[in-house]
Each structure stands twice: as C-alpha cells, then as structure tokens.
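This report refers to the structure that appears directly beneath it.
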Amino acid sequence: MIGALTWSVLAPLLASVLCLLAGRAARWVALGAMLVPLAVGSAALVSFVRQPGADFRLLESYPWALGAAWTVGVDGIGAALLALTGLVMSIATISAWNEARRPAAYHALVCLLTAAVVTVFTTLDLLVFYIAWEALLLPMLALIGLWGGEQRRYAAIKFFLFTLAGSILMLALVIALWVVQPEATRSFDIRQLAGQWRLWESTSVLGVSLARFGFVAVLLAALVKVPAVPLHTWLPHAHVQAPTAISVILAGILLKLGVYALYRLAWPLFPLQALVFDHWIAVLGVIGILWAAWVALGQQDLKRLVAYASVSHMGFCLLGLAGLTSSGVTGGMVQAITHGLGSPLLFLLVGVVYDRAHHRRIDGFGGLATPMPRFAWALLLASLSGAGLPGLAGFPGEALVLFGSYTAGGWWSWLGALATLSVVLSAAYLLWMLKRVIYGPLRHPEQAAFPDLDAREQAAILPLLLLLLLCGVWPTPLVAALRPACEALITHVTGAP
Amino acid sequence: MSETLMILAPELILTATLLAVLLSDAARWRSFAYLLALSGTLCALLASALAPRGTVGDQLAIDAWAALARPAILLSAVLLLMAARSLHDDDDGPAWAALLLALALGALVTAASAHLLPLWLGLELMSLSGYALAGWRAGSRRSAEAGMKYVLFGGAASALSLYGMSHLYGLAGRLDFAGIGAMLAVDQPLPVTAALLIASVGLAYKLTLVPFHYYAPDVYQGAPPLAVASVGTLPKIAAIAVLVRALSSAVPESLVSPASVSGLLALLATASLLVAALTAVVARDAQRIIAYSAIAHAGSMVLALAARPHSSATAAAAFYLAAYVPATIGALLALALLAPTAGRTALVELAGSGQRRPWTGVALVVCLASLAGLPPLAGFLAKWGVLRAALEVGLGAPERSVLLWAAGALLLSTAISAWAYLLIIRAVFFQPAPAQQTTATPPLPPGVAAVLALCVAATLALGLWLSGFAVLLHSLHP
C-alpha cells in the first residue's frame, strides 16, 4: 500500500507526464496534482495542531538500493512546509492559468518541480534528499530561461550556476558520511545519522574534522538558497526575469529549502559545529536583514523591491535558527511559513499591475487605488504584513525571533536590537512604495481604465490574504504545531557538548 | 579447439560480417550493406551474451570485464550502425559500415587482450578505422584537418607505445601481462616501470587522458558527429577494460604498492578533470565541448581505477562507462539533428534550433545533464560511484589521501563544466533562431529517432534504477 506522502510525490510526477499529453487541459491536471500535497500537508498539520509532538508522522519506508531507502515522514515543520508547497504551487498554477506559450510543457515542468520539492520536504533519507535537491534545478532553469522576461537567459544561468556550485560539496558530504560509518550498520537515514554525530567529529579529512567540512558544505548549499547576503545576488535577477508564477514559487517555496536544509541536516547532524558557527550565522542573518532592507529602499522596480524585501525577511529565519532558543527557532520556522504566504502575495500583486501596465517602475504609477480599489486593499494588507504589523502574518515570526534574541542575553540582545531596526526600514520602503503606487491623485491618466482584480486573480489572491489574516490574528495553532520539533532540535544541539 | 571457437564467437562473427560487407560493395549490393552489418553485429551481440568465459592461450582472456565490455561494445556498435543507416545515403553504406565494424572488432580484441600483441593489434585496428572515420567528409577542410591531426598524433602515440612494448619484451622476454608482472618481482623495477609507462601511452591516447588529449578538441570539432560518437565511445570501453586487466596482472598489488599506482592514476585523473573543465568553458563549439567532456570523463574513470583494489572501484568505472556511452552517443546524434547545416555545430549556428525540433532538444538536454552529473540521471550515479570509491579508500588509508584531493578535483570540474554544457543548452533553447531561417524542418529519420530515444531511455533508467550499480558490482566481484 502506497501511503499519503508517497502519493504527494507521485501525483505531481505522474501529472507531469499527463500534462504533456493533455494539451490545453494541462492546467487542470496540474492543479489537481497540486491539491494532493496540499490536502496531505494540511491533514498532517491539523494532526500536529491537535496533538503536538516532535515525532515523525505518516512514516513510510521502502528499501531501495545503494543504501538509500524511500523513507518519508513529516514532523510539524515538514507538515507545514508540505501544506505550504501544495498551496503555493496551486496558486502559481492558477496565476499562470492563461499561459499561452507552450502551456503543456510549462505545467509539466512545474509539476516536476513540485515533485522534487515535496521529496525534499518529506524524505528522511540523505541520498534521496540530495537527489531531489539537485533535480529541481533543471525544471527551474527551463522555467526561468524559457518563460522569463528580457534578460531571462542571464538570470536562469546565474541561478543555475549559483545553486549548483553551492551544493557541490554536499555530494562529497553525503558519500563521506556513508563511508565512515561501520560497514554493518551503514545508513542514509537522517535520524540515524543524527545519532552518530560523534563519529564525524572524530574523523579527519585532510586535516579538518569531517563534521566541520560537512557543516560548511550544508551551510554553503543552504545559504545560497536562503539566500544570505553576500550569496544573494542571483535572486533579484531570477525574480525580476521570472514570470509571475515562477516568482511566486521561488519566493514561497524555493527559499524555504535553504532554511529547511539547515533545520533538517546542518543542526541535527553536526550539533557541535552548529554551536561553533551559530554566532557567525546570526551575524550573516542580521547583515542580510539590514542590508537587503536598505537596498530595497532604493529600488525603482517593484519586483526588485519585493525581492529584496524577501531577502531581508529570510534573514530572520537565520537569526532565529542560530539563536537556539525555543522562541527563536520556532519563530524562525514560523517566519519561513508566513513569508511563504506574504511574499508570493506581493509577487502576485506586482504581476497584476505588470499585466496591465507592462512595466514595473514605481514612478510609473500613482493613485491606483481609484481605478483598482480591491487591488489597493490587497497590496496594503500584504505590505503591512511585510512590515510586520501586529495582526498580520508577518508579525508573529519576527516577534518570536526578536524575543528569542533578547532572552538569549549578552550580545545576542544587541543582534536582536539591530534586527529590530529592520522594522523601521521595512515600514519605510513598503509604505513609501504604497504612497507612490496606490495613493494620491491618479498620475497617469491612461491608468484610469485599468480593470480591478478579475475572478481568476481573486482566486489566487484571496486564499493567501485570508491565511495572512488568520496567521496574524491567531498564530497559536501554527506555533503549537511547530514548537515541539524545534524544542527537540534545541535539546539535541545544546545537549551535545 | 571448439571451445576456443565458442569463446571467440563474437569476434569471428564480426570478422565474417566485415568481410561480407566489403564484398557487398564489390558485388554492388550497396543498399544491403547496413542491413548486413546490423544483422551480423546483432548475431555477435547475441553470441557475446552466450559465449563462455575462458582464455585463449595467454593472449586473450574473456574474464568478468571482457564479458561485460564485449556486449557493451557490440550494443553501441548496433546503435551507431542504426543511426548511420538513417543519416547516410546508401552509397556511403559499405565503407562506413566496414570502418565501424573494424573499429568495433579492434575494440573487442583490445578489451579481451591479456598480451601485448593482441593489445597492439586491437589498438591499431581501432586507430586506422578511426582515422578514416574522422576524415570522412571529403571536401570539408575541417574534417580533413581532424583526420590529419588524428593520424599524426595517433601515429606518434602508437610509435611511443610500441617502443615501450619492445623494451618490455627485451626486459622480460615475454609479452603476456602476467609474465611482465612476474618479472617485476625479480629485478630492475626502474627500467620496467619506465617501459610500462611508455607502453601505456597508446591507451592513454585512446582514453584522451591529459597530457595525451590535445588532439581530441580539434578532431571532435571537425569530424562528423557519428564518427565522434564512434571514436569517442568504443575505444574508451576497450581501453578501460584492458587497463583494469593490465593493472591487476602486470602491476599486481603484491609487488607494487597500491598507493604508488593510485597516486599516479589520481594525478592523471586530476589533470584531465581540471584541464578539461577549465578549457571547456572557453569553447564555442558544441562538439568541441563534447571533446572536453570526453577528457574529463576519462579522468573520472581513471580516478575510479585509482581506488583499486577496493571492490567498488572497478564497478564504479564500469558503471561510469555505462552512463557515459549512451549520453555521449545521444548528445552527438541530437546535435547532428539540430545543426541547421550538417557538420556545423558552432554555438552561434545552433541558436534557436531547439524551437525547430523541441523533442530532439529535450533529448539533448537530458544527455548533457547526465554528462554534467545531475540527478536523477545516470551520470549522477556514475559520479556518485567514483566519489564513493575514492572517498572510501582515501578516508580509510592515510597514505592514499591523494584520492581525496582527486575527488575534490572531480567536484570542482563538475561545477565548472556545468557552465560549458549550459552554453549548449542556452544556444539551443534560450537564444532566438536567426530570422532568415524559414525552411521547413524535414521529418526526423526514424532510425536516428529510435537510437536517440534508446539513449535517453538508458540515461534515465540507469539513473533511476539504483540497483544497477549493485548488479554490476556483483558481476565483477561475484
């Protein structure tokens, strides 16, 4: 019997083949396939809300070969990310509903991408994790490179090379962890590997402990994906050139892969190294938060502004994870989820104006609230959430991370204080953007005829907007589902020395 | 006697086929040449699967490696013949088929040789037919240049090789690998080592290992794609097979420390991997990039052999070949189909060609991604196997930590050469086609399409069927 999580991978995988055969109906096939991970993830998340725990649920394991096994299972964080993947992918499919250029190939590639991402979020096998992690590069390369904007070639290749180079050491790590284990009990099971961390600490590779090498390898791969300043330079290009739906996927899902790799691999497998490097990672996080926010202030292009806002917000995930306090780690993961709701929403809205105006220059708009009131409301709420306004989804994650930093004391409070500055900065760039885009008198008369959000756009935007409000007003269930897994991680890491 | 005939059945069938094809030219049955060649090669393939293992004197040995290499060589020959049949017209048939059969025969002899004489015979048979294939396009200056360079450098390499072999004979008085190994035990290690090194130049040339690689970029760029696919794959299978046998019997572990052999091999591998990756990124011709890919992949295979005598080492090399051969044949066939003007594969000429033939373009992407080592394709598992063997040995024995550096070179090379493969993909898919190109695309020849589909299917299947590696390991080390 194939279980629910395997179906979450198989459904998009099969759908990608069906899409090619289905022609114009490909979008229905794709949407149907995305609903499977959404349903499975939501059900798992509800189970974690009802009975919080740090255990893995929906476990399935089938032996494979080469020591790898198809072992899947989700803890609270995996469940939330799985649900988020299903949601964001469905919304991206809806937003690309009228894709005219080779729609069958487009939807097939998105389905392939979904299968790879779902595998990363659910597998508990290191080799399968790596295979899926790398396998999502090709569909992404094609999606940006073929369906993107003017400079899509440059953006696609830059994305590809950055992420490939980032994860190249991880392959050596996967194999090294395998060969240093005693031959009789070799395994790629991440849970079993986490129990053997002393082995890597005591093994030396060319004068460096294997644990240090491994931690750096995972860190590099993850920081490129997060992305952390200064490895972030691929992101603005990729976002600006990618079509709206791909930006949505990039911001909503792919950036989370980096955080997830730190949470699932770097910290559990190399706890001592996590304690050694945590200050540096936190500093990188804070630099990212402030630098990207500062750069966002100067952007003239709406999409670039949202992209830099994205980099800034992802910095909170790093700061929270590095702090190793209960509220910090939980906050970092909550931030990963809520950013996966807020940032896609902003990209969708940017796509809405781009579809009408065919440009994204901030100074080319003004007073859009008059012709497009519903759009203006959505943009207002999404921006305020991005600015961390209490009552919206952007708040709980950032607040928890900052609480975590303050409770850790010492210089962590200083880092927290610095990170708090970003609340001012993000309010500045977002509100200033709002002022120039939707408020005031209509500055470009031809924009008076812009139609407001149509039914398809509302179908994509409303679910995100509602969840944004829900997670803002009542974040307790989400936090409750994520916290036990985070606390188990902290116990594992801080108990290591 | 009859047992010897059984063991050598594939070689004998192939020889008979070769003669028949040559006669068909004389008898003006040109249109049958490919059919004849194909059916003969298929019979040989069948025979190679059924033939018993054993030795023929001290000259040929059908051991585990040869038993794998023979079907691999014949299967690749079948694919290449099928592709040639639908790409070429009948007039070319007999000559091309005969050359290809001779190349395959040379590869079979090389792969099975346990003695310097058949080794030399096989290498020369491969070289001579390879020269003609590379210079095939009469009237094309670049093809002529390719053929000429191949002949000149190949001749020099052969001469060096023969020189080394004559020294080995002078020192040992014997020509079989085991005899040379036995002599190593007695005395004169330094002259013997020098002679061995010089004698192996011919193999290194066939493998396109740095520093014997310099002919490859020019030859691969100028030669017809099918010729590149032939000389780029069959000799590689043969050379690796005989290299494994020579290493284990002529340089036995009991006499020469594995660390020194693996040090030398790892050095060659590192040089090949890095030189190929760094030069590939400045190439602006798709077939030239494939040449650098051949050099880099030869480095990876030799790196796997450097991890000997660990059991996973030779299996890694075998799997690497199994991944490399279909991806290379597929990529070259796809390029041949995509190039708007036959024989011109400069990246600028390929611009936008994926829009004319999207499925061929997709096949090209799959093959290139496999060559780049991306999961879940065969090339990834191949790279995985080599790295595993290298790390297993390198981490286990401190005196062999050179393997760790070589593994690092493999990773670095992978990252850099990804750029080169991307250049091809970018040209084919991401760049707009030139505006004046309005001629209708002719339909895909069904034979080539079938071969291409088979290559892509093999690339996908070997990547997803993880147990394939274990099966190979078992067949090499029962």
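The values are calculated or read from the model by the stated rules, or taken from the named source; none is laboratory data. The structure displayed is predicted, hence computed values, not measured ones. Counting neighbours? That spans all protein chains shown, and the Cβs are built from the backbone with ideal geometry, glycine included. The area values use the complete protein model at the heavy-atom level, side chains included, leaving out ligands, DNA and RNA. Shrake-Rupley method; radii C 1.70, N 1.55, O 1.52, S 1.80 Å.
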Could you pull out the residue among B:Gly122, B:Gly130 that is out of contact with any strand residue (DSSP E or B) (no Cβ under 7 Å at 6 or more places or on another chain), modelled with pLDDT of 90 or more and either assigned by TED's automatic domain parsing to the domain that holds B:Arg28 or at positive phi (or both)?
-> B:Gly130
Under the condition of being assigned to a helix (DSSP H, G or I) and of a type in the set (A, V, I, L, M, F, W, C), which residue from segment B:456-467 is nearest to the other protein chains (Cβ to nearest Cβ)?
-> B:Leu464
How many residues, within segment B:329-375, are buried (at least 24 other Cβ atoms within 10 Å of the Cβ) and on the phi > 0 side of the Ramachandran plot?
-> 1
So which of A:Leu45, A:Leu81 is within 30 Å of A:Gln181 (Cβ to Cβ) and buried (at least 21 other Cβ atoms within 10 Å of the Cβ)?
-> A:Leu81
Candidates B:Ala144, B:Ala44, B:Ala61, B:Ala111 - the one that is part of a strand (DSSP E or B), assigned by TED's automatic domain parsing to the domain that holds B:Ile13 and open to solvent by less than 60 Å² (accessible area, probe 1.4 Å) | B:Ala61
In segment A:399-408, is there at least one residue being without any contact (Cβ under 8 Å) to a residue 60 or more places away in the chain and closer than 28 Å to A:Asp452 by Cα?
-> no
Does A:Ala105 satisfy being modelled with pLDDT under 95, closer than 18 Å to A:Val17 by Cα and surrounded by fewer than 23 Cβ atoms within 10 Å (Cβ to Cβ)?
-> yes
B:Ala369, sole failed condition from (1) more than 8 Å from chain A (Cβ to nearest Cβ); (2) within 19 Å of the chain's Cα centre (by Cα) = (1)
Report yes if some residue within segment B:265-278 is open to solvent by 10 Å² or more (accessible area, probe 1.4 Å), in contact with a helix residue (DSSP H, G or I) (Cβ under 6 Å, 6 or more places away or on another chain) and more than 20 Å from B:Tyr215 (Cβ to Cβ); otherwise report no.
-> yes
All-but-one check, A:Ser95 against (1) more than 15 Å from the chain's Cα centre (by Cα); (2) at pLDDT 95 or above, failing number (2)
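Go through the residues of segment B:326-338 one by one and say whether even a single one is of a type outside the set (Asp, Glu), part of a loop (DSSP other than H, G, I, E, B) and either under 24 Å from A:Thr163 (Cα atoms) or within 11 Å of chain A (Cβ to nearest Cβ) (or both).
Let us first name the residues in segment B:326-338 that are of a type outside the set (Asp, Glu), namely B:326-338.
From what is left, the residues that are part of a loop (DSSP other than H, G, I, E, B) are none.
Among the residues of segment B:326-338, not one is of a type outside the set (Asp, Glu), part of a loop (DSSP other than H, G, I, E, B) and either under 24 Å from A:Thr163 (Cα atoms) or within 11 Å of chain A (Cβ to nearest Cβ) (or both), which makes the answer no.
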When segment A:152-202 is checked residue by residue, the ones that are within 28 Å of the chain's Cα centre (by Cα), open to solvent by 50 Å² or more (accessible area, probe 1.4 Å) and away from chain B (no Cβ under 11 Å) are A:Arg191, A:Gln192, A:Gly195
The number of residues in segment B:389-408 that are surrounded by fewer than 24 Cβ atoms within 10 Å (Cβ to Cβ) and more than 8 Å from chain A (Cβ to nearest Cβ) is 5
From A:Gly148, A:Gly207, residue being modelled with pLDDT under 90, more than 28 Å from A:Pro12 (Cβ to Cβ) and more than 8 Å from every other protein chain (Cβ to nearest Cβ) | A:Gly207
Lone unmet requirement of (1) crowded, with 23+ Cβ neighbours inside 10 Å; (2) under 18 Å from the mean Cα position of the chain (by Cα) for A:Leu231 = (1)
In this structure, is B:Met82 open to solvent by less than 10 Å² (accessible area, probe 1.4 Å) and out of contact with any strand residue (DSSP E or B) (no Cβ under 7 Å at 6 or more places or on another chain)?
-> no
Could you tell me which of the residues B:Ala470, B:Ala453 is among the hydrophobic types (A, V, I, L, M, F, W, C), within 14 Å of chain A (Cβ to nearest Cβ) and surrounded by fewer than 18 Cβ atoms within 10 Å (Cβ to Cβ)?
-> B:Ala470
Counting just the residues of segment B:353-366 that are within 12 Å of another protein chain (Cβ to nearest Cβ) and of a type in the set (Gly, Ala, Ser), which one comes out farthest from the chain's Cα centre (by Cα)?
-> B:Gly354
Pick from segment A:441-477 the residues that are farther than 16 Å from A:Gly342 by Cα, part of a helix (DSSP H, G or I) and touching a helix residue (DSSP H, G or I) at 6+ places or on another chain (Cβ under 8 Å): which of them is least open to solvent (accessible area, probe 1.4 Å)?
-> A:Gln447
